[in-house]
Structures are given as C-alpha cells and as structure tokens.
Amino acid sequence: MKHYCRYCIHCIAQDETEAVCEELNIMIKKTSVRDACQLFDFCEIDAFYICRNGNPEECKYKPRITKKKQCDGQMTLFDT
C-alpha cells in the first residue's frame, strides 16, 4: 500500500487542497504520496472529508479493485 499523506494520523487538513503534517511541520498537497515517510500511521478516514460533506462513512479508505487483463475472446484485425 502506498503511503498517501491524506490517510495518515498526523495529517490535518487546512482547506480543500492543502494540509499540514503535525510531526514534520510541512505543507502537504492533497495528492501527496510519501512512500519513504517513517512516521506514517494508517487512518482509514480521509483527512479531507470535512471539505466534501459531513458523512465520514463515505470517506473511508477503499482499496482499488485490481482489473484482470482482457485476453479471452479477443479477435485480431489482421490475418497472420
């Protein structure tokens, strides 16, 4: 799992696009990913959920479903 700063316990949202890491005292963008962060502690609730709506159930972490490659039943356009 990648370390998205928005799912870290130490991330505090300031507005819709920026947050502050309270441990490192740095500004973080909404899309920031720091895989080398040693202080990352996973929290399933998104730090930016307050800016979207008031329901924290909609803002819980949902891992992406891996898509399988579509190989069965494909046809070629060219005769070989």
| message | Looking at region 1-35 only, could you name the residues that are open to solvent by 70 Å² or more (accessible area, probe 1.4 Å), in a loop (DSSP other than H, G, I, E, B) and either touching a His at 6+ places or on another chain (Cβ under 9 Å) or under 16 Å from residue 63 (Cβ atoms) (or both)? | response | 1, 2, 22, 23, 24, 34, 35
| message | If residue 76 satisfies all but one of (1) surrounded by 10 or more Cβ atoms within 10 Å (Cβ to Cβ); (2) modelled with pLDDT under 75; (3) β-branched (Val, Ile, Thr), what's the number of the condition it fails? | response | (1)
| Looking at region 36-62, which of its residues are modelled with pLDDT under 80, open to solvent by 90 Å² or more (accessible area, probe 1.4 Å) and either assigned to a loop (DSSP other than H, G, I, E, B) or among the polar types (S, T, N, Q) (or both)? | 62
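The values are calculated or read from the model by the stated rules, or taken from the named source; none is laboratory data. Here the structure is a predicted model, which is why all the values come from computation and not from measurement. Positions of Cβ are backbone-derived with ideal geometry, glycine not excepted, and every protein chain shown enters the neighbour counts. For accessibility, only protein heavy atoms count, side chains too; no ligands or nucleic acids. Shrake-Rupley method; radii C 1.70, N 1.55, O 1.52, S 1.80 Å.
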